[in-house]
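Step one of this worksheet: look at the structure below.
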Amino acid sequence: MSGERPGRETKHRTRLSKGFRMADDCYHSLFENVPIALLEEDLSSVKKHLDSLRDSGIDNLDEYLRNNPQELAGYVDMVKITDVNKAALTLFHVRKKDDLLTGLGQIFTVDTYDAFKEQLIALAGGETSFENERLVRTLDDEEKYVHLRLSVAPGFEDTWTRVLLSMTDITARKRAQEELKSNHEYLERLNNSLQEVIFRVRLPERTIAYVNHAVKNVFGYEEYECLGKTTEFLYPSNQGYQYFGQLLEQTMTEGKEALQTELSMSRKSGELFPAEITTTFLSEGGEITGVISILRDITRRRRAEDGLRLSEARLTEAQRIAHLGNWEWDIVNDKLLWSDEIYRIFGLTAQKSGVTYEAFISSVHPDDRELVENSVNDALYEAQPYDINHRIVLPDGTVRFVHERGEVTFSREGKPLRMIGTVHDITGIKRVEEELRTLSRSLVQIQEEERGSIARELHDEIGQSLTVLKLMLDRAKSLPPEDAESTLTEAATLVNGLMEQVRNLSLDLRPGMLDDLGLLPTLLWHFDNYTSKTQIKVNFKHSGLQVRFPSEISIAAYRIVQEALTNVVRHADVSEINVTAWVDRKMLWLRIEDKGIGFDSAAISPGISGGLFGMHERARSLEGELTIDSSPGAGTTIIARLPLSTDETGSKGKKI
């Protein structure tokens, strides 16, 4: 028998070990799959710190945390989250456990910190469990109400190394409670501020059995002055009293449950006022014995209606003057309502029934329909309000430019319900803009002609004069050396320098090779000349520039690059600069980039700097665009987009 006992004990330990494993597996399965969010935490570091406080003589933890609020955040950081279940991942909108294991601080709100403080005080006081309702934050910053329950696992009361925190999402319940509370408060305020007069009147004698205190404000009577009397004294005349009686009889005969009408009533002072009366019937034993009438003084409403009609008339007139109309599209029923001005803009006759979306699209210029439809679709499906310019075609073939804005209202389920917006006739503005562009091009052209004239004058007249001077000085060299040799040598050197300066000045004003050879050779020459003068290397990349561009394109591109490089040497403090030029989709692109000191581009408008203004205007005169991206310490990038017309792109066959 003694020989059998060790074997029996071994089997017993094996069964116990297997049982422990099964229990542990069962616990983890339950922990992982329970539909309540669970966090397993280790608060041992917090426990040690609180114990040290107690040992140092601090017994009132609540007072200590009030006086040292920063300590609470430190305790939060001490908490280690050792495990979370699937429901916790769902609650906090995360996919991986590691996202939550980084700490409690990321899910805490101010409200949660208060709850954590209460938990610590309870645990420090010997409690092993704690629960309350608090606000937490998901990892995508959504706030949720949860029911918190914290429990120290049995056997870990002295160390707090294993604490289980459960969280139940009660957001829907909380919000329902808040809404109910809000509704209750609203009803309370409504009842306290009720301005309508409520009558209970006996039939058939039509005597007043009850009236509320509002009768004083509306009619000027005290309640006791009304009780027991017929309602005739409330009407301006017996005819009004009889008329309302006829309406009551007719309503009862037709079997309707209520009567609503508007009548003229009389105050105690004799003043007449319009009133809206809603009446329901009271029955006893199947027989109508009385009515409840709610009377509302609608004097202000009548005035408001009159004012609204006047405002609508003024709005219509203002829209006509401003060429601006508004519209509303009932998406569900596909009804598009336009103001009168939009009908005028589209050259149509106003219709009470409105128009359809398809009818609107058919009025859009064929080349702009894709833009309009894409903008509307982005508003419908991406919730992106749109702000676009497009053309419309009137029934007589006239083309107009309009600026249109629109945005969509959605249901709670995200379904588009209606779209509202405005249409502004900007045909006149577009015409002015075109005139300004023409003027701008003319000004630039005149400027270039002037520069060319100055360049020729400097070269032909001043250069020739200096050449003659040089010949005269050379002739003077024949004099005895002791008389003029040194002076003449210096004069000749000076003359040579002046000639070189004149030549460079002429090239700077307008390089002749721009007209003779084209843009690419001129840029290459300019970069070589620039580097030799400034010691700044230009890294130039290009594609598609082996063509002869129209003169205005070449000039604008050259001047933009020239001004940009001038700004670099003045302000950037760099040893090299990157320039890229390419042709893509009927567009000449320029990119000038440096890694210099940069500047705050948002704080400098083109009008402040002549150079920047000139670059902007050159691009704008060609209906192009120039953008400047710069910030202190991050360098500067200039991008210019210069459109090429059909004729210009057709010139690509002219190779350099």
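Numbers for the structure displayed
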| quantity | calculated |
| --- | --- |
| Subset of the range 564-582 [surrounded by fewer than 20 Cβ atoms within 10 Å (Cβ to Cβ) and among the β-branched types (V, I, T)] | T566, V569, V574, T580 |
| Cβ pairs under 8 Å, 6+ apart, first in the range 570-584 and over 19 Å from T522 (Cα atoms), second open to solvent by 70 Å² or more (accessible area, probe 1.4 Å) | H571/I597; A572/I597; D573/I597; V574/K595; S575/Q535; S575/K537; E576/K537 |
| Failed item, numbered, when I592 is tested on (1) of a type in the set (A, V, I, L, M, F, W, C); (2) open to solvent by less than 50 Å² (accessible area, probe 1.4 Å); (3) at pLDDT below 90 | (3) |
| Any chance D425 is modelled with pLDDT of 75 or more and touching a helix residue (DSSP H, G or I) at 6+ places or on another chain (Cβ under 9 Å) | yes |
| The range 85-102: number of residues that are closer than 14 Å to E40 by Cβ and in a loop (DSSP other than H, G, I, E, B) | 2 |
| Selection within the range 115-137 - surrounded by 15 or more Cβ atoms within 10 Å (Cβ to Cβ), of a type outside the set (D, E, K, R) and outside any helix (DSSP H, G or I) | T128, F130, L135, V136 |
| Set L282, L324, L259, L272: member being touching a strand residue (DSSP E or B) at 6+ places or on another chain (Cβ under 6 Å), touching a residue at least 12 places away in the same chain (Cβ under 8 Å) and within 30 Å of G428 (Cβ to Cβ) | L324 |
| When residues of the range 130-157 are limited to those that are out of contact with any strand residue (DSSP E or B) (no Cβ under 8 Å at 6 or more places or on another chain) and over 21 Å from D83 (Cα atoms), the one modelled with the highest pLDDT | E142 |
| Residue under evaluation T649, criteria (1) modelled with pLDDT under 80; (2) closer than 27 Å to V574 by Cα; (3) assigned to a helix (DSSP H, G or I), criterion not met | (2) |
| Top-ranked residue of the range 355-384 - restricted to ones that are outside any helix (DSSP H, G or I) and among the aliphatic types (A, V, I, L, M), ranked as surrounded by the fewest Cβ atoms within 10 Å (Cβ to Cβ) | A383 |
| Checking T112 against (1) farther than 26 Å from G125 by Cα; (2) modelled with pLDDT under 85; (3) surrounded by 13 or more Cβ atoms within 10 Å (Cβ to Cβ); (4) of a type in the set (S, T, N, Q), the condition it does not meet | (1) |
| Yes/no for Y75 being under 22 Å from F156 (Cα atoms), open to solvent by less than 40 Å² (accessible area, probe 1.4 Å) and at pLDDT below 90 | yes |
| Scan of the range 26-60 for residues that are assigned to a loop (DSSP other than H, G, I, E, B) and open to solvent by 30 Å² or more (accessible area, probe 1.4 Å), ordered by number | V34, P35, I36, S56, G57, I58, D59, N60 |
| Members of the range 413-438 that are open to solvent by less than 30 Å² (accessible area, probe 1.4 Å) and either within 14 Å of R400 (Cβ to Cβ) or free of Cβ contacts under 8 Å to residues at least 60 places away in the same chain (or both) | V423, D425, I426, T427 |
| Any hit, the range 221-230, residues being among the aromatic types (F, W, Y) and part of a loop (DSSP other than H, G, I, E, B) | yes |
| S266 vs. criteria small (G, A, S) and either modelled with pLDDT of 95 or more or surrounded by 13 or more Cβ atoms within 10 Å (Cβ to Cβ) (or both) | yes |
| Test: residue in the range 182-197 that is surrounded by 15 or more Cβ atoms within 10 Å (Cβ to Cβ), touching a strand residue (DSSP E or B) at 6+ places or on another chain (Cβ under 8 Å) and not small (G, A, S) | yes |
| Total residues in the range 549-563, condition surrounded by 15 or more Cβ atoms within 10 Å (Cβ to Cβ) and not in a helix (DSSP H, G or I) | 1 |
| Filter result (under 19 Å from I208 (Cβ atoms) and open to solvent by less than 90 Å² (accessible area, probe 1.4 Å)) within the range 241-251 | Y241, Q242, F244, G245, L247, L248 |
| Residue in the range 316-331 that is open to solvent by 70 Å² or more (accessible area, probe 1.4 Å), over 28 Å from L417 (Cα atoms) and not hydrophobic (A, V, I, L, M, F, W, C) present | yes |
| Those residues of the range 245-302 which are in a strand (DSSP E or B), among the acidic types (D, E) and under 56 Å from the mean Cα position of the chain (by Cα), in sequence order | E262, E276, D297 |
| Candidate set from the range 87-99 (those that are touching a residue at least 40 places away in the same chain (Cβ under 8 Å) and within 17 Å of T168 (Cβ to Cβ)); member that is most open to solvent (accessible area, probe 1.4 Å) | T90 |
| Pair list, Cβ under 7 Å, 6 or more apart: the range 585-601 residue on the phi > 0 side of the Ramachandran plot, other residue part of a strand (DSSP E or B) and open to solvent by less than 60 Å² (accessible area, probe 1.4 Å) | K586/P643; G598/S630; G598/T636 |
| Residue check, K174 open to solvent by less than 60 Å² (accessible area, probe 1.4 Å) and either among the hydroxyl-bearing types (S, T, Y) or modelled with pLDDT under 90 (or both) | yes |
| Selection status of E617, of a type in the set (D, E), over 16 Å from V574 (Cβ atoms), at pLDDT below 90 and outside any loop (DSSP other than H, G, I, E, B) | yes |
| Of all residues in the range 196-220 being part of a loop (DSSP other than H, G, I, E, B) and closer than 18 Å to S266 by Cβ, the one that is modelled with the lowest pLDDT | E196 |
| Residues of the range 38-70 satisfying the condition of being of a type in the set (A, V, I, L, M) and within 14 Å of R162 (Cα to Cα) | L38, L39, L43, V46 |
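For every residue, the table says whether it meets (1) open to solvent by 50 Å² or more (accessible area, probe 1.4 Å); (2) more than 21 Å from I577 (Cβ to Cβ); (3) modelled with pLDDT under 85.
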residue: N504; (1), (2), (3): no, no, yes
residue: D508; (1), (2), (3): yes, no, yes
residue: T522; (1), (2), (3): no, no, no
residue: N529; (1), (2), (3): no, no, no
residue: V547; (1), (2), (3): no, yes, no
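The values are calculated or read from the model by the stated rules, or taken from the named source; none is laboratory data. Model, not experiment: these values are computed from the prediction. Because the Cβ atoms are built from the backbone with ideal geometry, glycine has one as well, and the counts that use them run over all protein chains shown. Protein only, heavy atoms only, side chains kept; ligands, DNA and RNA dropped before computing areas. Shrake-Rupley method; radii C 1.70, N 1.55, O 1.52, S 1.80 Å.
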